Structure formats: structure tokens, C-alpha cells
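Have a look at the structure below before the remarks.
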Amino acid sequence: MGRSKGLKRKRRYSVREIVSIILLISLVFSVVFSFVKFIAAPSEPTGEEYEKVKSDYLLMLVQCSVGLVVMCLPWIVSRKFNVVVPGTICILYYIFLYCAIFLGEVLDFYYVVPHWDTMLHAFSGAMLGALGFVLVDFLNKDSHVKVSLTPFFISLFAFSFALSIGALWEVYEFSFDSFLGLNMQKVRTADGIELIGHDALSDTMKDLIIDAAAAFIISTLGYIINKRKQIKEKSVA
């Protein structure tokens, strides 16, 4: 009995668990904070510098609430589809959510840090491209699914997968902006000035271009690695 208690005390949390706990605490705190601020904030600007209105805190509340849901995706995928998501991918995923939601929306890094949104989209495009390779590798190892793709088509799938998720994210942002009057797509400046025409569209197109560029780089690197591996296996055979 005493020995089992000692073993319990010696349990150490993995890096993945530590990062997920930090993310969870940050998002829960942010949900409470944004909800309280949403109730107290004015509906329209009163003229004070850097003042936030209800729509700003509603955006924060929605993003943090969605963040709490999507941070569970690796666990859901593992349990539902028996897919082992690599720990490194999970850690990068949690870091991305922390940077995009807590730092970006709650601490205003999107406005305070130059090119913060661009860096995040480059990060997510690369991460999703890598995840595409993981999914193909899982299918290759599944005895119930016979998949035999060439290195080119594996890379094409990884690129298409990353770009598809990036496009769906833009659809999500556009939908919530339209229904709730939010500013996920940054069609308004930090001062509340409405952008029109090319300026209003540029944020969405820039995001998709950065997603595609990052995914292309990862897909190209994956192609080179898989091609060399294929040549090596043929030479051994």
C-alpha cells in the first residue's frame, strides 16, 4: 500500500500533458473573463482610446469556447478512429491554439505583434501538411485498408489536406463574422474602421496563400524523404 502511494507521488507529467493543461487553464480563464467583460462593455465606442465594445468580447468568447472544443480533437480522433496522433503533432497543435486564441485574441497579439497572423498561418499550414503524411502512414499500416500511393501522391494528399482545412477555417471565420457581426477576418481595423474592396479581401487571400506556401514546402520535403526511402528500399530488394 505504501509502495503504491510512493509510485503515485513519483508520477511525472509528459510535455504533452503540461502543454495541454496550460492551454486548458488559459482558455477557461479567458471564457470567464470575456463573458464578464461582454456584459459590462458598451455596445458602441464611446471615444476612449483602445476601447473594446461588446462585439470584441463576443469574438473573444466565441474563439475561446471553440478552442475548448477543438483542443479535444486529438483525443476524440484517437478514441473514435483508433488513430495514434504523434505526441509532437499534439504539442504543436496545442501551442498553435494557445498562440492563435489566447495570445492572438485575448492579449491582442494580432494587432500588437507585426505579422502575427501571417506567422500563425505559416505554422498551421506546415503542421497540417505534416499531419497529412501521418494520416497516409496510418492508412498504409491499417490491414483493413489497402493504400499504396507513390511519394508524389502522398505529398499531393498532404498539400491538399492542409489547404482544405485552411479553406474551411476561412469559411468558419466568414460565417461567424456574418452571423454575429464579429471581426475574425479583420475587415475592420483595431480602431473600428471598415475596410472595403481589395483591402477587405486581402486578409483572407493572404491567409490562404500563406497556408498554401507552408503546406507546399512541407509536402516537397516529405516527397524528397519518401522518394529517397523508396529508392533505398528498391536497391535493397
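Laboratory data are not the source of any read-out in this text; all were calculated from the coordinates shown. Worth saying up front: this structure is predicted, and the values here are computed from it rather than measured. Note that each Cβ is placed from the backbone with ideal geometry, even for glycine, and that neighbours are counted across all protein chains shown.
Of all the stretches in the chain, which is the longest one without any exposed loop site, taking GluC sites (Glu not before Pro) in a DSSP loop (any state but H, G, I, E, B) with at most 16 other Cβ atoms within 10 Å?
On the way: sites that count: E48, E49, E51.
Maximal segment without exposed cleavage sites: 52-237.
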Would you work out the relative contact order for the chain, in percent, from Cα pairs under 8 angstrom that are 6 or more residues apart?
19 percent
Which residues' amide hydrogens lie under 5 Å from the amide hydrogen of K186, considering only partners 5 or more residues apart or on another chain, with H built in the peptide plane?
none
Just name one of W75, F109, L23: the one whose Cα is farthest towards the positive end of the charge dipole of segment 12-113 (beta-carbon charges, Lys/Arg +1, Asp/Glu -1).
W75
Can you list the DSSP H helices in the chain whose Cα atoms extend at least 27 Å along the helix axis and whose mean Kyte-Doolittle hydropathy is 0.0 or higher?
15-40, 116-141, 151-180, 197-236
Net charge dipole size for the chain [Lys, Arg +1 and Asp, Glu -1 on Cβ; Debye, nearest 20]:
2340 debye
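Could you give the longest part of the chain that holds none of the trypsin sites (Lys or Arg not before Pro) found in DSSP loops with at most 13 neighbouring Cβ atoms within 10 Å? Provide the component values of the computation, followed by the final result.
Working: sites that count: K10, R11, R12, K146.
The answer is 13-145.
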Over 22 Å, how big is the tail of the calculated P(r) for segment 55-155, in percent of all Cα pairs?
43 percent
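For segment 12-113, what relative contact order do you get, as a whole percent, if you take Cα pairs closer than 8 Å and at least 6 residues apart?
34 percent
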Let me know the Rg and Dmax you get for segment 114-237 when you use only its Cα atoms, in Å.
18.6, 65
